[in-house]
1. Pick out which of A:130, A:119, A:158 has the largest mean-square fluctuation in a Gaussian network model of chain A, springs linking Cα atoms closer than 10 Å.
2. To the nearest 10 degrees, how steep is helix A:128-138 against the longest Cα principal axis of chain A, on a 0 to 90 scale?
3. Using only the Cα atoms of the protein assembly as shown, build the gyration tensor, take square roots of its eigenvalues as a ≥ b ≥ c, and label the shape rounded, prolate or oblate: rounded if a/c is under 1.5, else prolate if a/b is larger than b/c, else oblate.
4. Can you sort A:53, B:86 so the residue with the fewest Cβ neighbours within 10 Å comes first?
5. Please tell me the relative contact order of chain A in percent, rounded to the nearest whole number, where contacts are Cα pairs under 8 Å and at least six residues apart.
6. As a test of the definition: which semi-axes, in Å, follow for segment A:45-104 when you take the square root of five times each eigenvalue of its alpha carbon gyration tensor? Largest first, please.
7. For B:37-44, what's the mean count of beta carbons from other chains sitting within 10 Å of each residue's beta carbon?
8. Which values, in whole Å and largest first, are the semi-axes of the equivalent ellipsoid of segment A:1-116 obtained as the square root of 5 times each eigenvalue of the Cα gyration tensor?
């Protein structure tokens, strides 16, 4: 789907066209689920958040102003829903859920005879507020400013979280450097 | 941490994240499924809007009836109610502002 086609679909979807919104959501569905699996490192939570994000998208499509890409808008909604979910649960419960999800993913990888990358364990041990900007910057290639807008943070905060997060990852991956 | 070390970490990170896509392949539902979801959600939203509007009209009708009854039956009670409706929010606002200043 070309950029212009997508702009047309967005315009039609904002005017209440169900087919246009369905096409848009179908096009970005896989991108959204994959993003949520990466930031949550918990596929079942990612699935729930995808459903919630889609509901929010249906409710708010008339408010989408097109200043950012449609995929970035979806990521912003999904990220905020994830942050809300984290706030609702206690830190201890979050940590336990994260450990459980990582164990399950490692087990699934072993079952399908795939190698489990150690970097994902290290990433799972970082706090969510550090993990999210690292993935947005270094995997998805967003600028510091865009990440600041998505996470509602100052650019300086985004930079320092990414810098310290990479340092922690490096330390965890090379224990002899500790 | 040297620039080389950082690059190696980032390469490893990206490889790890990419492998998640293979470990958890995503199945995208067909277009009809999305259409059904959207129609169901729109129906729910419309129902919620109608409920909210009905509640709004009901509350407005009760307030209007009480005010009109007081105005025709007891002018003094009506004036007291009007004064309270002005004073209570003003006092509440002032107290809230003082609390903010004290912080």
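1. In this elastic network of chain A, the residue with the biggest mean-square fluctuation among A:130, A:119, A:158 is A:119.
2. Helix A:128-138 sits roughly 70 degrees off the main axis of chain A.
3. Prolate shape, in that a/c is at least 1.5 and a/b is the bigger ratio.
4. Least crowded to most crowded, the residues run B:86, A:53.
5. Contact order relative to length: 18 percent.
6. Over the Cα atoms of segment A:45-104, the ellipsoid semi-axes are 27, 11, 10 Å.
7. Neighbouring Cβ atoms belonging to other protein chains average 5 per residue here.
8. Its equivalent ellipsoid spans semi-axes of 31, 17, 10 Å.
Readers should treat all values here as calculations from the given coordinates under stated rules, not as data from a laboratory. It should be emphasised that the depicted structure is a prediction, and the values quoted were computed from it without experimental measurement. For neighbour counting, all protein chains shown are included, and Cβ atoms are generated from backbone atoms with ideal geometry for every residue, glycine included.
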